[in-house]
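Have a look at the structure below before the remarks.
Please treat every number below as a calculation from the coordinates, not as lab data. Values in this document were obtained by computation on a predicted structure and should not be read as measured data. Glycine gets a Cβ as well: all are built from the backbone with ideal geometry, and neighbour counts include every protein chain shown.
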Amino acid sequence: MLLAALTVKLALLVLCVLVSIAFITLLERKILGYLQKRKGPNKVGVKGVLQPFSDAIKLFTKEPVVLPGSNSLAFLVSPALSLGIMIIMWLSFPSSLGMTSISLSVIFIMCCLSVGVYPVLGAGWASNSKYPLLGSLRSVAQTLSYEVSLAFILLSYVVLTSSFNLERVMTSIEGQWLLFMSLPLAAAWFITSLAETNRTPFDFSEGESELVSGFNTEYSSGGFALFFLAEYGSILFMSLFFAVIFMGGLDMSVSFPVKVMLVVSMFIWVRGTLPRLRYDKLMMMAWKSFLPVSLGYLMAFFATSSILSQSVWF
């Protein structure tokens, strides 16, 4: 029964996430178009609503190109592994429909975010080309910089709610907008999410001007599409996680999808307004700004939790 429930949940997740990604890409192209005083896709279907599905059909029907000097196994497995890690990460989100859930979901999310760099590194190395390898190495370096502060931010709310279970965390902060109580942490989380999902202004692993599209330079057709789906699925998950932690939302509340789409729109707005930063700026910001702030909040939340537990005990 457990395996059947997990299979049903995984199938529903894959379907819902892929459809959501399709319309998020359409929303992004529309918003970027109006930001640049032009119209986005408006030819395929009503107001361009079928454009994402047309792009998907085009990408998956093109002939894949595998370079003769590449490691073909790692070259083909890396895009599928990237998409698989993104889908598995969605299993950590509890559902009000009563299906299976992961007990230590916060730790599971941190593990998935850390493992997500390996497909990028594998794709860059397996391409047997200098530019993809440079892009993948830059991705690994930036991951080591911001994941320390990312872990401290998550641990701050673990201490505050006394649980590693995301469902209990959601129940503990239901209706409470921690965004206003910990605005610096929310800003650090959002900026770190931009770097985690390789989005502007921190898309160093895909720096077209310096690295000729980065780690996925040698990918075409289906391989590129899988990396594309994994990136936008991660954007949607990080937006959902931001809404859960900082905006007090539950997955069955009416306002919750609105909160998630608001955060997704912020991702798109940042891409349309900010240029790519210099590579060392992210390192300096992660180690000199985010790490002290997140560590300070962790100590403050730990002290608050200790005082409250002692007062309840006495």
Can you tally the net charge around Phe152? Count Lys and Arg as +1, Asp and Glu as -1, for every other residue whose Cβ sits under 15 Å from the Cβ of Phe152.
-1
Going by alpha carbons, how many degrees (0 to 90, nearest 10) lie between the helix axis of 291-313 and the longest principal axis of the chain?
30 degrees
Trypsin sites (Lys or Arg not before Pro), restricted to the stretch 29-95: which are DSSP loop and have at most 16 other Cβ atoms within 10 Å?
Lys37, Arg38, Lys39, Lys43, Lys62
Measuring from its Cα centre, the stretch 58-313 shows a charge dipole (+1 at each Lys and Arg Cβ, -1 at each Asp and Glu Cβ) which, in debye to the nearest 20, is 280 debye
For the pairs Lys130/Lys281; Lys43/Lys130; Lys9/Lys37; Lys39/Lys259; Lys39/Lys130; Lys9/Lys281, note any where the Cα-Cα span goes beyond 31 Å.
Lys43/Lys130; Lys9/Lys37; Lys39/Lys130; Lys9/Lys281
Which residue, Pro119, Pro292, Pro94, tops the fluctuation ranking in a GNM of the chain built on C-alpha contacts under 10 Å?
Pro292
Here the convex hull volume per residue of the stretch 1-95, taken over Cα atoms and given in Å³, is 168 Å³
Under the classification rounded if a/c is under 1.5, otherwise prolate if a/b is larger than b/c and oblate if not, where does the stretch 56-154 fall, given a ≥ b ≥ c as square roots of the Cα gyration tensor eigenvalues?
oblate
Rg/Rh (Cα only; Kirkwood hydrodynamic radius) as it applies to the chain:
0.98
Please give the helix 51-61 orientation as an angle from the longest Cα principal axis of the chain, in degrees from 0 to 90, rounded to the nearest 10.
60 degrees
For every helix of n ≥ 4 consecutive DSSP H residues, a contribution of -39,500 (n - 2.57) applies; sum these over the chain, divide by its total residues, and give [θ] at 222 nm rounded to the nearest 500 deg cm²/dmol.
-23000 deg cm²/dmol
Please report Rg over Rh for the stretch 109-178, where both radii come from the alpha carbon positions and Rh follows the Kirkwood definition.
1.19
Nearest-ten-degree value, helix 117-126 long axis tilted from longest Cα axis of the chain:
20 degrees
Using Cβ contacts closer than 10 Å as the measure, can you line up Met284, Met266 from fewest to most?
Met284, Met266
